[in-house]
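Throughout, read-outs are computed from the coordinates displayed, never taken from laboratory work. Quantities reported herein were computed from a predicted structural model and do not represent experimental measurements. As a convention, Cβ positions derive from the backbone with ideal geometry for all residues, glycine included, and neighbour counts pool all protein chains shown.
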Amino acid sequence: MAEPATAAELRDFALQAARAAGFDLCGIAGVAPSARLAAFAPWIESGQAGEMRYLARRADSGRYLREAVREAWPWAQSVICAATVYNAPAPRSLDSTANRERGWISRYAWGDDYHDTLRHRLEQVATRLRAHAPEAQFHLTVDTAPLVERAAAQQAGLGWQAKNTCLIHPQLGSYFFLGCIVTSLPLAPDAQLPDRCGSCTRCIEACPTQALTPYAMDASRCIAYLNLELRGPVPEPLRPGMGNNLIGCDICQDVCPWNRRAPVTGAPEFQPRPGMVAPLLIELAGLTEDAWRERFRHSAAKRAKFSGLRRSLAITMGNSGNPAFLPTLQRWQADADPVLAEHAAWAVTQIHSGASA
Ligand code: B12
Ligand code: SF4
Ligand code: SF4
């Protein structure tokens, strides 16, 4: 391609670079305030972000950094949004719930840590753009920067933000990660895709902790928040709904008709590592902290921390109603970690009362 000069040529150049870097989808968003972002401040202020205080960080203007792209990057003119499918050919979470010996790790965490993989790919895109526009500014984001990536990706035409709050693409479904490049380059924006949830409400009905209302989530009730983000005790009324979910939760995506024929990825980084698909609870419970570190090295599942995984194991064992876990739980009742001890005591009571059997 000749030297890109116009906004449309720059856009095409960025999209080619993203495809060459291995992304499955790419599109361009402008930085004008969107209707979705207008819902951000009321959402934060209603307490639905739970203890994820990083979401509520403010800019010098006093507004939330995530309320508008230019709060964090005043020079921004466009956001390059890219997606990578992580779906793997293996069962869905709900297939595992009848088994009283196994837990569930969400599919997003089966392979290598996506933060590293996506950042590496975004760097390849940025390198090619920098070669053409050395004066331009670029900020790469995968999760941790103050950008609401799904809102940007929706504007960039990568999918619609659905009733389960995930971004869904009509061919790819929703098992994909997002990475973005905020840039000072004025790239031609893409058109948005229409919402195709229609009258369906499967995700809302299937959510075991009633975290969803159409298009919005009370994250403080979401299982992925409880087992990955929340430190300390899990509110007791929410524990039974966590079922056998140890790391994250896939339920509202697994029941979605748009994921019925979702393609799987051939990328070696996202193939399931041994022991990640429906692991045996007793085996995970036997890990020392060193063995846990080794097992989850370069895995997104590490975010739960060793203490968080054991807390979720206790809840899952209690929910299983399986008396085979009583010796482990009784040992944990005397553990030095008071949170684990309390959750183990709760689980023992659950098993004895036959609450979940
Ligand atoms: C915090 C966070 C979480 C939290 C909170 C989730 C949430 N819904 O916000 C928790 C821990 C629960 C979570 C869970 C998961 N996450 Co997450 N998460 C993030 C993170 C870091 C920030 C998201 C954020 O800013 N949320 C703030 C809220 C306000 O955003 P929102 O949901 O879009 O909310 C909007 C709507 O609710 C709407 N709204 C609010 N009220 C109302 C009312 C009405 C009437 C309407 C119409 C709209 C509306 O406006 C809000 C503002 O835009 C992003 C990465 C990033 N930097 O963006 C990844 C991200 C969203 N997560 C991702 C993934 C993969 C997951 C999980 C699948 C992981 C798992 N298996 O457990 C689950 C999915 C759960 C789900 N159904 O969304 C992907 C999403 C990919 C996709 N295809 O959608 C992202 C983009 C990470 C990435 N880089 O790939 N996550
Ligand atoms: S991820 Fe699980 S808990 Fe969270 S909204 Fe979806 S179904 Fe509900
Ligand atoms: S399950 Fe139905 S309502 Fe929920 S996200 Fe999928 S299509 Fe939309």
| Modelled label-to-label distance, R297 and S184, 7 Å Cα→beta-carbon offset: nm? | 4.1
| query | Helix 114-132 versus the longest principal axis of the chain: what is the Cα-based angle in degrees, 0 to 90, to the nearest 10? | reply | 10
| message | Need the C-alpha centroid separation for the range 269-331 versus the range 148-173, integer Å. | response | 31
| request: May I ask which residue of A153, L140, Y54 lies farthest towards the positive end of the charge dipole of the range 22-153, with charges of +1 (Lys, Arg) and -1 (Asp, Glu) on Cβ and the Cα centre as origin? | output: A153
| said: When only alpha-carbon atoms are used, what values of Rg and Dmax, in angstrom, describe the range 88-241? | reply: 18.4, 58
| request: Let me have the 222 nm mean residue ellipticity of the chain computed from DSSP H runs of 4+ only, each contributing -39500 (n - 2.57), with the sum over all residues rounded to the nearest 500. | output: -9500 deg cm²/dmol
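Size of the dipole of the range 109-260 about the Cα centre, Lys and Arg at +1 and Asp and Glu at -1 on the beta carbon, nothing else charged, in debye to 20? It would help to have the intermediate numbers written out before the result.
Values: 12 positive and 15 negative charges, 44 e Å.
Computed charge dipole of the range 109-260: roughly 200 debye.
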| Förster-model FRET efficiency, 41 Å R0, A20 and E289, C-beta, rounded to 0.05 | 0.50
| Charged-residue dipole, Cβ positions (Lys, Arg, Asp, Glu), the range 70-109 about Cα centre, Debye nearest 20 | 80
| For the chain, what is the per residue volume of the convex hull drawn over the alpha-carbon atoms, in cubic angstrom? | 139
| query | Can you run phi through the Karplus equation (6.51, -1.76, 1.60; θ = phi - 60°) for the range 287-299 and list ³J(HN,Hα) in whole Hz, with x for Gly and Pro? | reply | 6, 7, 4, 5, 5, 4, 4, 5, 4, 10, 4, 6, 10
| query | Taking amide hydrogens as modeled 1.01 Å from N in the peptide plane, which residues meet the under 5 Å criterion relative to R58, leaving out close sequence neighbours? | reply | L65
| request: Could you calculate the FRET efficiency of A8 with L326 from 1/(1 + (r/R0)^6), where r is the beta carbon distance between them and R0 is 41 Å, rounded to 0.05? | output: 0.05
| Can you give me the Cα centroid spacing of the range 32-67 and the range 91-129 in angstrom? | 26
| field | Integer Hz, Karplus 6.51/-1.76/1.60 couplings in order for the range 273-281, x for Gly and Pro | value | 6, x, x, 8, 8, 6, x, 6, 4
| field | Karplus (6.51, -1.76, 1.60) ³J(HN,Hα), θ = phi - 60°, over the range 198-209, in Hz, Gly and Pro reported as x | value | x, 8, 5, 9, 4, 5, 5, 5, 7, 5, x, 10
| field | Estimated dipole of the chain in Debye, rounded to 20 [Cβ of Lys and Arg +1, of Asp and Glu -1, Cα centre] | value | 300
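Taking 30 Å as R0, compute the FRET efficiency from the Cβ-Cβ separation of R202 and N99 and round it to 0.05.
The formula returns an efficiency of 0.85 here.
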| field | Extension gain, A191 back to T349 (0.36 nm per residue minus Cα-Cα distance, nm) | value | 51.4 nm
| message | Given points 7 Å out from each Cα along the Cα-Cβ axis, report the A38 to I282 separation in nanometres with one decimal. | response | 5.7
| query | Going toward the positive end of the dipole of the chain, with +1 on Lys and Arg Cβ and -1 on Asp and Glu Cβ, which of F13, N245, L122 do you reach last? | reply | N245
